1. In region 43-70, what residues are farther than 16 Å from L7 by Cα and loosely packed, with under 14 Cβ neighbours inside 10 Å?
2. Say we look at region 1-20 and pick out the residues that are surrounded by fewer than 13 Cβ atoms within 10 Å (Cβ to Cβ) and outside any strand (DSSP E or B); which of these is farthest from the chain's Cα centre (by Cα)?
3. Are any residues in region 40-91 assigned to a helix (DSSP H, G or I), touching a residue at least 40 places away in the same chain (Cβ under 8 Å), among the charged types (D, E, K, R) and out of contact with any Phe, Trp or Tyr (no Cβ under 6 Å at 6 or more places or on another chain), and if so, which ones?
4. Scanning for something in a loop (DSSP other than H, G, I, E, B) and not basic (K, R), does region 27-34 turn up at least one residue?
5. Say whether the condition of being more than 20 Å from I6 (Cα to Cα), out of contact with any Lys or Arg (no Cβ under 8 Å at 6 or more places or on another chain) and not charged (D, E, K, R) is met by at least one residue in region 71-86.
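Only the coordinates and a few stated rules stand behind these numbers; no lab work does. All values reported here derive from a predicted model rather than from experimental measurement. Please note: Cβ atoms are built from the backbone with ideal geometry, for glycine as well, and neighbour counts cover all protein chains shown.
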Amino acid sequence: MINQLILTGNLGNDPEIFFGSEGDPVTSFSLAFKSGRDKTSWIKCVAFNKTAEICEKYLHQGARIAVVGYLQQSKWKTNEGEPRSSFEMIINTIEFIKTDNRGGDDRNEQHPF
């Protein structure tokens, strides 16, 4: 089964970095993207290791990027025992999109990790 997601959008917040139980860097941020004619949707993006370090160092709220990765579902229970779930995008490749003053694409720089 193929599970590949490709999105272009803008960061909703500065990337937050933390370290996993093995000490590996992990970064997360929200990405706004168009999902219809006039509809904006949001997804949580997660990057690991070198990609996490690059995101934390170079990305900021409002930055325009293209990302390639896959969709992953997380499941948990609330303190009251209610089941919850959400989807997040695990990033494999990120492309920084430089925009001109009119908001159009100028030139792209790709960083596959």
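1. Those that are farther than 16 Å from L7 by Cα and loosely packed, with under 14 Cβ neighbours inside 10 Å: N49, K50, K57, H60, Q61.
2. Restricting to residues being surrounded by fewer than 13 Cβ atoms within 10 Å (Cβ to Cβ) and outside any strand (DSSP E or B), the top hit is M1.
3. Once the filter is applied, which keeps residues that are assigned to a helix (DSSP H, G or I), touching a residue at least 40 places away in the same chain (Cβ under 8 Å), among the charged types (D, E, K, R) and out of contact with any Phe, Trp or Tyr (no Cβ under 6 Å at 6 or more places or on another chain), region 40-91 yields only E56.
4. Kept after step one, since they are in a loop (DSSP other than H, G, I, E, B), are these residues of region 27-34: none.
Scanning region 27-34 turns up no residue that is in a loop (DSSP other than H, G, I, E, B) and not basic (K, R).
5. Within region 71-86, one or more residues are more than 20 Å from I6 (Cα to Cα), out of contact with any Lys or Arg (no Cβ under 8 Å at 6 or more places or on another chain) and not charged (D, E, K, R).
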